[in-house]
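The values are calculated or read from the model by the stated rules, or taken from the named source; none is laboratory data. Quick caveat: nothing in here was measured; it's all calculated off a predicted structure. Methodologically, a virtual Cβ is constructed for each residue, glycine included, from the backbone with ideal geometry; neighbour enumeration extends over all protein chains shown. The protein model used for the area step is the full one, side chains on, heavy atoms only, and it has no ligands, DNA or RNA in it. Shrake-Rupley method; radii C 1.70, N 1.55, O 1.52, S 1.80 Å.
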Amino acid sequence: MLKMTETLRQKQKKETRERILDAARHLMAGGRGLDSLGLREVAREAGLAATSLYNHFPDMEALGLALIDEACFRLRVAMSEGRRSMIEIGPRQAIQELVGRFGRFILSNEGEFRLLLQQRLGRSRRYRARIHGELQLLVDELAEDIRSVVAAQGRPAVPAEREAEAAVSLMFGLGVAMLDVSPARREELAANAVEQLAILALGGRRWARGERL
């Protein structure tokens, strides 16, 4: 009985926490930034007493970090889908899949992507550090994929870390460009990104052969 009660409490605590995060996302959906929110306002939006919210998040920074963590986690999950297929389908199609996954993330999580963009250059050092750390994990995972594809093809090692860093930067730029445009324009931007990443990959091959500008 005690175990069931404890499990119920944990479930309720998790549900309340998600309710708070959803309330903050809803407030930001109209274009407001994280820095413009207050805990009491979020509590009202969630239909909770402020004291209840403080049990989950002691201050606004803690709530902001939780929102950033979830946004980064969803981005990494979206980009990791089908990672192992990169070796099987070849580099060109792998690039298309990579861009496609990123585009779908933007469509499904536009608010969270805007949050990452805002706070990546925002005033909070902790927010910036958290986003930087999460993006570095994304770079590391992509670099490992690049190494695996190159090894499977029996080609010389390429500067995978640099390629991955450039690819992530390129895709973030793609995400910015994809905001507030028509579906047709999004397709054009995605096609351009595929070509840019292909050029990047070809440059890595030539670099691996010792060619320099």
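At most 14 other Cβ atoms within 10 Å plus a DSSP loop assignment makes a site exposed; report the longest stretch of the chain without any exposed GluC sites (Glu not before Pro).
Values: sites that count: Glu81, Glu211.
Here the longest segment lacking exposed loop sites spans 82-210.
Using each residue's phi in segment 161-171, evaluate 6.51 cos²θ - 1.76 cosθ + 1.60 at θ = phi - 60° and report the 3J(HN,Hα) Karplus result to the nearest Hz, with x for Gly and Pro.
4, 5, 4, 5, 4, 5, 5, 5, 4, 4, 5
If you plug each phi of segment 107-119 into the Karplus form 6.51 cos²θ - 1.76 cosθ + 1.60 with θ = phi - 60°, what whole-Hz ³J(HN,Hα) values come out, in order, with x for Gly and Pro?
Those phi angles translate into 4, 8, 9, 4, x, 6, 5, 4, 4, 5, 4, 4, 7 Hz.
Along segment 129-139, what does the Karplus equation 6.51 cos²θ - 1.76 cosθ + 1.60 (θ = phi - 60°) give for ³J(HN,Hα), rounded to whole Hz, x for Gly and Pro?
5, 5, 5, 4, x, 5, 5, 5, 4, 5, 4
Relative contact order for the chain: what is it in percent, counting Cα pairs under 8 Å that are at least 6 residues apart?
Computed over the chain, the figure is 18 percent.
Just read off the accessible area of Tyr127 with the full protein assembly in place, 1.4 Å probe, to the nearest 10 Å².
So the heavy atoms of Tyr127 present about 10 Å² to solvent.
With a cap of 10 neighbouring Cβ atoms within 10 Å, and only residues DSSP puts in a loop, list the trypsin sites (Lys or Arg not before Pro) found in segment 37-85.
Answer in residue order: Arg84.
May I ask you to compute the full-extension gain from His132 to Arg32, defined as 0.36 nm times their residue separation minus their alpha-carbon distance, rounded to one decimal in nm?
33.8 nm
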